[in-house]
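Report on one structure; see the data block that follows.
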Amino acid sequence: MSEMFPASLSSSNFMEPSVRIFEQPKQRGMRFRYKCEGRSAGSIPGEKSSDNNRTYPSLQILNYSGKGKVRVYLVTKSEPFRPHPHDLVGKDCKDGFYEAEFGPDRRVIAFQNLGIQCVRRREVKDAIVQRITRGINPFNVPREQLLQTEDYDLNVVRLCIQVSLQDENGHYTRSLNPIITNPIYDNRAPNTAELRICRVNRNSGSVKGQDEIFLLCDKVQKGKQSTSSSSLPSSLSPSVHSFHLSHFHITDSSSSSSSSSSSSSSLLTFR
């Protein structure tokens with residue numbers, strides 16, 4: 001018996017229609033764009049995306065073979081999941097969210113050309129009021145919580161995906177429960193950005209270990225932290241990954257010390 005069934009049939013004898021994330025968005029490496037920048041907001045890549053094989057966040061529809069409609073919103077990282085003041089922009093986007101219909105032949109829907117357009121802190125309240133006015137509140141968070149604008153983290157969002165199914169009359173009478181993706185972080189924020197290694201002084205060493213390695217990096221936090229070789233970014237040479245790295249110390253290479261996080265290059269010393 002096929003798992004797929006027409007929307008017009010009763011689901012009492014079948015598995016219920018459902019959706020799941022087929023590919024998560026890549027969490028780091030994308031920059032949120034301001035509207036005033038006057039350029040494309042880019043595309044959210046999938047977590048499996050690479051330079052040679054571009055992929056995108058995608059949704060899989062299970063136990064259903066009819067027509068439907070999918071909406072994608074931006075919501076906050078933490079619960080309760082509130083509509084985020086930032087906008088989704090790109091093809092099939094309007095009023096800050098994505099909406100498109102799909103046919104019976106669609107089992108996996110990839111969200112290509114979706115960019116994130118950010119607002120400034122002073123614009124948050126107006127953006128949230130617009131969400132309320134347009135009824136964009138997939139988790140029905142109370143209005144008073146939505147208007148607590150100081151609680152919105154502008155450096156991170158999640159995608160909220162909701163599918164509506166079409167009945168035999170062509171009306172969207174059934175909405176499936178919304179699902180949430182992993183967080184997506186703005187690459188401009190030093191505390192959320194992907195670590196970028198500019199230079200490394202060596203990529204080989206003794207099998208006995210205890211070698212000292214110097215990395216010149218961007219987007220790092222000042223102070224003493226700890227890590228392991230498995231947590232280092234993929235931009236580091238595989239041979240360096242073979243070292244056991246227990247602790248590192250970050251030294252700001254710029255002359256300014258007024259900022260809590262370095263905006264210029266920093267020197268990481270591994271021992």
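Bear in mind these aren't lab numbers, they're just calculated from the coordinates by the rules spelled out. Here the structure is a predicted model, which means the values were calculated and not measured. Backbone-built Cβ (ideal geometry, glycine too); neighbour counts: all protein chains shown.
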>> Can you compute the FRET efficiency between ASP218 and GLU37 using 1/(1 + (r/R0)^6), with r the Cβ-Cβ distance and R0 = 22 Å? Round to the nearest 0.05.
In response: 0.60
> Roughly speaking, what is the stretch gain from ASP151 to GLN24, that is 0.36 nm per residue apart minus the C-alpha to C-alpha distance, in nm to one decimal?
Replying inline: 43.2 nm
>> Sorting check: for 81-91, 56-66, which peptide has the highest mean count of neighbouring beta carbons within 10 Å, and how do the rest follow?
In response: 81-91, 56-66
>> Below 18 Å, Cα to Cα, which aspartates and glutamates can LYS91 reach? Residues fewer than 8 away in the same chain don't count.
In response: GLU99, GLU101
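From the cross-link list LYS48/LYS69; LYS67/LYS125; LYS26/LYS67; LYS48/LYS208; LYS48/LYS125; LYS35/LYS77, which pairs have alpha carbons spaced over 32 Å apart? Mind dumping the intermediate values first?
Values: LYS48/LYS69 25 Å; LYS67/LYS125 36 Å; LYS26/LYS67 28 Å; LYS48/LYS208 35 Å; LYS48/LYS125 35 Å; LYS35/LYS77 22 Å.
Where the Cα-Cα span goes over 32 Å, the pairs concerned are LYS67/LYS125; LYS48/LYS208; LYS48/LYS125.
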>> Could you work out how much longer the chain between ILE179 and VAL108 gets when fully extended? Use 0.36 nm per residue separation minus the Cα distance between them, nm to one decimal.
In response: 24.1 nm
> With each pseudo-label sitting 7 Å past Cα toward Cβ, what's the SER204-LEU62 distance in nm, one decimal?
Replying inline: 5.0 nm
